[in-house]
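Single-structure report; data block below.
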Amino acid sequence: MALTVGLAYNLKTHLPWGRGNVEDEAADFDDPQTIREIAEALEAGGHRVVHLPYDAGLFAALERSRPDVVFNLAEGWGDRNRESIVPAMLEYLGIPYTGSDPLTLGCALDKHWSKLLVTQAGLPTARSFKVSPGAAIPADLGGVRFPMFVKPNAEGSSKGIRFSSKVTSLSELEAMVEWVHQTYDQPALVEEYLPGREFSIGLLGNGHRLRSLPLVAVRPGKDVPEVALGADPANEFIYSYEVKHLNLETAECPAAVPDALTQRIEDLAMAVWQVFECRDVARVDFKLDIDGEPSFLEINPLPSLSREWSFLALEGRAVGLDYSALILSILDECLIRCGLADDTAAGRWAKWRAESQNSPRVAGSGN
Ligand SMILES: Nc1ncnc2c1ncn2[C@@H]1O[C@H](COP(=O)(O)OP(=O)(O)OP(=O)(O)O)[C@@H](O)[C@H]1O
Ligand SMILES: [Mg+2]
């Protein structure tokens, strides 16, 4: 079925206002190439694409163009509600859109709240405390022991993550918390430092159609500076803005790890998806704790879909979903969820889904 698909996005090249003092200010936003490639993928599926860049004219453009559905990539501008803004506009206008709703996006962007939800569900995540600007670091350090890891509470794309985010003394902790407050104008989240390997996993679908994509192991590449490496330098490092920006990491997909660990991370990711009532697509990040057990870092219900470097694109390729098929699969899952297509229509990844052993192991229908 050929549809008019609105493509909503923030471009790196279009910053309306900013704090102006942060080198990673636009790190969440897409480059023009990604937008072009996603538009081409949608057009390859027979759809007509209407571009909807995020700016002051967006609401009027949506009202005017009234697309059948919006493919949402828009990160928004502002604080922890920024990713919720476009979905909220679309709900107001009654236009269906890909991905999760404003509440899920807001809760997931707030790392402290995410961890409260995940903990409440009995899922593992590092012990932590939050320090708002103007508030003191708690005298008991929230029961967290050194080394600790300090990050802005509501950023993504490793914004505010530096090699110095790992702190080993009270003076380093105070300095990093102050830096987060000054630079990002928001609370700092202080977590127990997780010394193990890092993994990321994408999920695609809804309800009984939900599947996890193959697990990615994130490793330090050969040019990662020593300061970022952990006790096991072949595997363990700080995946900071410095590393991400210069693409110094390597991503192995499917991760060569014991089946039991893959299975455990898949199960946890599915459970986290249910907690957040995600829709269509998301990516969940984990790191191993000191006992080698996976610990939830964060969920990204608005994950990067860059063809060149996103984990989702890599995971798609690993199961034979080329880029166009991945993008169209996300759209198809949205259309099925909204009753705009029947579930036999989503043929793009049906073959892989049908062959996949990876059936949902968590009860509940998702959202
Ligand atoms: N508690 C921790 N212990 C050790 N390393 C951590 C911890 N928290 C975060 N990190 C490191 O910092 C990186 C970024 O952290 P996190 O995933 O929370 O931030 P993000 O900016 O939202 O990431 P993304 O780019 O995936 O959106 C992680 O990939 C990991 O390498
Ligand atoms: Mg992350």
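The values are calculated or read from the model by the stated rules, or taken from the named source; none is laboratory data. Source: prediction; values computed, not measured. Virtual Cβ from ideal backbone geometry, glycine too; neighbours counted across all protein chains shown.
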Test result for Lys151, outside any loop (DSSP other than H, G, I, E, B), closer than 28 Å to Pro303 by Cβ and assigned by TED's automatic domain parsing to the domain that holds Met176:
yes
Between Leu90, Leu58, Leu105, which is touching an Asp or Glu at 6+ places or on another chain (Cβ under 6 Å) and touching a residue at least 24 places away in the same chain (Cβ under 8 Å)?
Leu105
Quick check: is even one residue across region 185-198 free of Cβ contacts under 8 Å to residues at least 24 places away in the same chain and basic (Lys, Arg)?
no
Got a number for residues in region 140-174 being of a type in the set (Lys, Arg) and away from ligand 2 (no atom under 16 Å from the Cβ)?
1
All positions within region 1-19 that are under 21 Å from the mean Cα position of the chain (by Cα) and modelled with pLDDT of 90 or more
Leu7, Ala8, Tyr9, Asn10
Within region 180-201, identify whether any single residue is surrounded by fewer than 17 Cβ atoms within 10 Å (Cβ to Cβ), more than 16 Å from ligand 2 (Cβ to nearest atom), part of a helix (DSSP H, G or I) and outside the structural domain of Gly142 (by TED's automatic domain parsing), and answer yes or no.
no
Checking the conditions here, which among Leu93, Leu103, Leu117 is aliphatic (A, V, I, L, M) and either at pLDDT below 95 or surrounded by 16 or more Cβ atoms within 10 Å (Cβ to Cβ) (or both)?
Leu117
In region 153-175, anything within 8 Å of ligand 1 (Cβ to nearest atom) and within 17 Å of Asp28 (Cβ to Cβ) is listed as Glu155, Gly156, Ser157, Ser158, Lys159, Gly160, Ile161
